[in-house]
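Chemist: Okay, handing you the structure first.
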Amino acid sequence: MLFAFHLIDRPDAGDLRTRLRPEHKAYLAEVAERIAFAGPLLANDGTTMVGSLLVIDFAERAAASQWQAQEPFTRSGLYASVAVHGFANLWPQRAGFAPTA
């Protein structure tokens, strides 16, 4: 089942996010084959990261929750709020793909 992770940073999280980003990306890479989409939430300036939005396939909610609990940003206390919901992807994605080199 797909699970959507809506994660909002603490207001003072900028430096912590930058410092832990390589560890966060490595952790995501461990489940790369199960990621429907993932990326930072952005402030109105279009560049400042203020959170994360992830949709990842897990067998059950307990597995999704366990994965989230071990995620580096979560372990560091970066997030002010965490919401995890089951998600049904009913619309074929046509926009938002990362540019290819």
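None of the figures in this text is laboratory data; all of them are computed from the coordinates on show. Computed from a predicted model, the values in this text were never measured in an experiment. Neighbour counts run over all protein chains shown; Cβ positions are idealised from the backbone, glycine included.
Chemist: Tell me, what is the percent relative contact order of the chain, built from C-alpha pairs under 8 Å that lie six or more residues apart?
Modeler: 46
Chemist: Another question about this same structure. Taking loop as defined by DSSP and a crowding limit of 11 other beta carbons within 10 Å, which GluC sites (Glu not before Pro) in the stretch 1-66 fit?
Modeler: Sites meeting the loop and neighbour criteria: Glu30, Glu60.
Chemist: Once you sort the root eigenvalues of the Cα gyration tensor of the stretch 56-101 as a ≥ b ≥ c, which label holds: rounded (a/c under 1.5), prolate (a/b larger than b/c) or oblate (the other case)?
Modeler: It is oblate, given that a/c is not under 1.5 and a/b is not larger than b/c.
Chemist: While we're looking at this one, here's another question. Would the chain count as rounded, prolate or oblate if I go by the C-alpha gyration tensor, calling it rounded below 1.5 in a/c and otherwise prolate when a/b exceeds b/c, oblate otherwise?
Modeler: oblate
Chemist: Another one. If I stretch the segment between Phe97 and Ala83 completely, what's the gain in nm (0.36 nm per residue apart, minus their alpha carbon distance), one decimal?
Modeler: 2.7 nm
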